[in-house]
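Working notes, structure below.
The values are calculated or read from the model by the stated rules, or taken from the named source; none is laboratory data. Keep in mind that what you see is a predicted model, and the values were worked out from it rather than measured. We place every Cβ from the backbone using ideal geometry, glycine too, and count neighbours over all the protein chains shown.
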Amino acid sequence: MLHHVRLIYATKSRKLVGKKIVLAIPGSIAAVEAVKLARELIRHGAEVHAVMSGNARKIIHPYAMEFATGNPVVTEITGLIEHVELAGKHEEGADLILVYPATANTIGKIANGIDDTPVTTVVTTAFSHIPVMIAPAMHSTMYEHPIVLENIEKLKRLGVEFIEPRLEEGKAKVAPIEEVVYRVIKKLHPKTLVGKRVLVTAGATREYIDPIRYITNASTGKMGVAMAEEADFRGAEVMLIRTKGSVPSFVENQVEVETVEDMLEAVERELKVKKYDVVVLTAAVSDFRVKNRAKVKVKSGRPLTLELEPTPKIIDLVKKLQPETFLVGFKAETGLSEGELISSAEEQMKRAGSDLVVANTLKAFGSDENEVVLVGWEGVKKLPRMSKRGLAERLWDEIEALISRRVRR
C-alpha cells in the first residue's frame, strides 16, 4: 500500500476492511468525482481498483485514479486478462463492482451483455457471482427514455442494485458520494440482524412558546442516526423517527417530527401496527412544555414568564404496547457521580422495563464522541470514550449478545 494511501486508510471506520472494490468508470462528466469516491471508500478500509473506459480517460486522467487508489489502473484488456484477475471466480477476486457514474450507453451495454470496453468487460465477467451496483448519471431526457428505463428494470430483476440519481437542473445527477459510500457499506456489511425489526428515535424535540419560538436542547441526533444506520447495515428493517433539524440519514424508512406529542404519536402508531424486536430511544425528549402556548408571536422588549408542565414519558409507553420488545433507553444527567448515574439508570429500568440503559453525564452532548455506562439486567459496564459511530457498533454488539442469551434462557 502506497504511503499516501496508508495515511487515509480506515481513518473513518473499518467497515470495508478486507473488501476489494472495483470502481468501474464510464465516460460521464461526473467521472471527475471518482477520485473523491475512491478516497472515501479507502477511508472506510476498502481496497479500490479503478477500471476506465476510453471515454472516461477523456474526462479524467488515469494517473488521477492511480493516485486515488494506490493501484494500477486498467484502461485496456491485455494479455494479463485484467478482467479475470479482478472479477473472475477465485479467492483474489473483487467483492463488489461499482459502476460510477453510469451513462445510458454503459447501462444499455451491460443490460444486453455487450462488453466492448474495460468497464463492460469487467461487469460481464463478474455478473454471475459478484454483486454489481450502478450509480447512473445523465441528462434527464436520457434517463426518462423508455428503453433506458427498461434496461434499468431488466438489470434490477437480474439482481443489480441501483443507487438512484438526483433529478435536478434538467439532469439525473449522480448520487452524492456520502450516499454511495453508505450503500456500499450496507451492501457488504455482515447481516447479523436480518429478520429483525428495529425502531429508533433521534434528535431534540421542540416545544413551542408561540408559532415561531420554541424550547429545545443541544442534541444533534447523531447518536440516534448512528444507531439506526448501524442496524440498517446489519440487515434489520429500520424505522427512524427523527426530529426536525437533526442530522440527516440515509435510512430508507424515516418520519420527521417536532414536539414530544408528535414523537409520542409516531412511536405509538408504529408499535400498534408492527411488532418490533428492538426499540432504541436515543432522542433527547423535552421534559417540559409550555402550558399555554401563544397563538400569535409574543411581543418582544418586555419580560416574559412561562408556565411549564411535564411532558409524557415516551419510554413508559413501549413495554405497555409491546412487552416482549428489547427496550434500550438513553439516560443523560449532570452533576451526578458515577454511582448516582447508575442508580438513576436502574430506576428507569424498574419504571419503564428497559432491558438496557445507556447512561452518560452529558460531557459529550452535541459532539461526535460519547462516554457512557451500560446498565442492564446482567450488570454494569463502563465503556471508554469513543466516536458515536464506534459506540453504535459496540452497542449493537451488546444488544445482539443480550438478545441471544435471553432467547437461550
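From the list Thr205, Thr220, which one is among the polar types (S, T, N, Q) and crowded, with 24+ Cβ neighbours inside 10 Å? Being among the polar types (S, T, N, Q) and crowded, with 24+ Cβ neighbours inside 10 Å holds for just one of Thr205, Thr220, which is Thr205. Of all residues assigned to segment 210-221, none qualifies as being touching a residue at least 12 places away in the same chain (Cβ under 8 Å) and part of a helix (DSSP H, G or I). Selection of first residues in segment 326-339 that are in the same structural domain as Met227 (by TED's automatic domain parsing) and of second residues that are surrounded by fewer than 19 Cβ atoms within 10 Å (Cβ to Cβ) and modelled with pLDDT under 85, restricted to Cβ pairs under 8 Å at least 6 apart or on distinct chains, gives the following pairs, ordered by first then second residue: Phe326/Arg406; Ala332/Leu362; Ala332/Phe365; Glu333/Leu362; Thr334/Leu362. State which residue is nearest to the chain's Cα centre (by Cα) when the search covers only segment 311-333 and only residues that are more than 30 Å from Arg293 (Cβ to Cβ) and buried (at least 16 other Cβ atoms within 10 Å of the Cβ). Ranking the qualifying residues of segment 311-333, first place goes to Val328.
Residue pairs whose Cβ atoms lie under 9 Å apart, separated by 6 or more positions or on different chains, with the first residue in segment 81-108 and assigned to a loop (DSSP other than H, G, I, E, B) and the second at pLDDT below 95 and crowded, with 24+ Cβ neighbours inside 10 Å, do not occur. Go through (1) among the aromatic types (Phe, Trp, Tyr); (2) assigned by TED's automatic domain parsing to the domain that holds Ile42; (3) surrounded by fewer than 19 Cβ atoms within 10 Å (Cβ to Cβ) and name the single condition Tyr182 misses. It fails just one condition, (3).
Being closer than 29 Å to Val247 by Cα and assigned to a strand (DSSP E or B) is the requirement here; does Val318 meet it? For Val318, the condition - closer than 29 Å to Val247 by Cα and assigned to a strand (DSSP E or B) - is not met.
Checked across segment 155-166, the condition of being out of contact with any Lys or Arg (no Cβ under 7 Å at 6 or more places or on another chain), assigned to a helix (DSSP H, G or I) and either on the phi > 0 side of the Ramachandran plot or not aliphatic (A, V, I, L, M) (or both) holds for at least one residue. Just wondering, is there one or more residues in segment 343-358 that are surrounded by fewer than 16 Cβ atoms within 10 Å (Cβ to Cβ), touching a helix residue (DSSP H, G or I) at 6+ places or on another chain (Cβ under 7 Å) and touching a residue at least 40 places away in the same chain (Cβ under 8 Å)? No, segment 343-358 contains no residue that is surrounded by fewer than 16 Cβ atoms within 10 Å (Cβ to Cβ), touching a helix residue (DSSP H, G or I) at 6+ places or on another chain (Cβ under 7 Å) and touching a residue at least 40 places away in the same chain (Cβ under 8 Å). If you check Glu76 against the conditions, is it in contact with a helix residue (DSSP H, G or I) (Cβ under 8 Å, 6 or more places away or on another chain), closer than 30 Å to His139 by Cβ and in a loop (DSSP other than H, G, I, E, B)? Considered against the rule, which asks whether it is in contact with a helix residue (DSSP H, G or I) (Cβ under 8 Å, 6 or more places away or on another chain), closer than 30 Å to His139 by Cβ and in a loop (DSSP other than H, G, I, E, B), Glu76 comes out as yes.
Restricting segment 187-222 to residues that are touching an Asp or Glu at 6+ places or on another chain (Cβ under 8 Å) and of a type in the set (D, E, K, R), the residue that is nearest to Ala283 (Cα to Cα) is Lys222.
In segment 1-28, the qualifying residues are those that are in contact (Cβ under 8 Å) with a residue 12 or more places away in the chain and not in a loop (DSSP other than H, G, I, E, B), and the one that is nearest to Ser53 (Cα to Cα) is Ile25. The number of residues in segment 156-179 being more than 23 Å from Ala46 (Cβ to Cβ) and either outside the structural domain of Thr141 (by TED's automatic domain parsing) or not small (Gly, Ala, Ser) (or both) comes to 9. Residue check: is Ala175 in contact (Cβ under 8 Å) with a residue 12 or more places away in the chain, within 27 Å of the chain's Cα centre (by Cα), part of a loop (DSSP other than H, G, I, E, B) and closer than 24 Å to Ser249 by Cα? In short, yes. Scanning segment 238-252 for residues that are touching a helix residue (DSSP H, G or I) at 6+ places or on another chain (Cβ under 9 Å) and not basic (Lys, Arg) gives Val238, Met239, Leu240, Ile241, Thr243, Ser246, Val247, Pro248, Ser249, Phe250, Val251, Glu252. Selection within segment 50-68: residues that are farther than 13 Å from Tyr100 by Cβ and in contact (Cβ under 8 Å) with a residue 12 or more places away in the chain. The member of this set that is surrounded by the fewest Cβ atoms within 10 Å (Cβ to Cβ) is Lys58.
Within segment 113-141, residues that are within 16 Å of Glu153 (Cα to Cα) reach partners that are surrounded by fewer than 18 Cβ atoms within 10 Å (Cβ to Cβ) and of a type in the set (D, E, K, R) with beta carbons closer than 6 Å, at six or more positions or on different chains, in the pairs Met133/Glu161. Mind checking which residues of segment 178-201 are among the hydrophobic types (A, V, I, L, M, F, W, C) and part of a strand (DSSP E or B)? Once the filter is applied, which keeps residues that are among the hydrophobic types (A, V, I, L, M, F, W, C) and part of a strand (DSSP E or B), segment 178-201 yields Val198, Leu199, Val200. Would you confirm whether any residue within segment 394-409 is touching a helix residue (DSSP H, G or I) at 6+ places or on another chain (Cβ under 7 Å) and either among the acidic types (Asp, Glu) or more than 24 Å from Lys274 (Cα to Cα) (or both)? No, segment 394-409 contains no residue that is touching a helix residue (DSSP H, G or I) at 6+ places or on another chain (Cβ under 7 Å) and either among the acidic types (Asp, Glu) or more than 24 Å from Lys274 (Cα to Cα) (or both).
When the residues of segment 240-259 are narrowed to those that are of a type in the set (A, V, I, L, M) and surrounded by fewer than 23 Cβ atoms within 10 Å (Cβ to Cβ), which ends up farthest from Ile163 (Cα to Cα)? Break it down stepwise before answering.
Taking segment 240-259 as the starting set, the residues that turn out to be of a type in the set (A, V, I, L, M) are 240-241, 247, 251, 255, 257.
The next check asks that each one be surrounded by fewer than 23 Cβ atoms within 10 Å (Cβ to Cβ); those that pass are 247, 251, 255, 257.
On the way: Val247: 21, Val251: 13, Val255: 21, Val257: 27 Å.
Only one residue tops the list, namely Val257.
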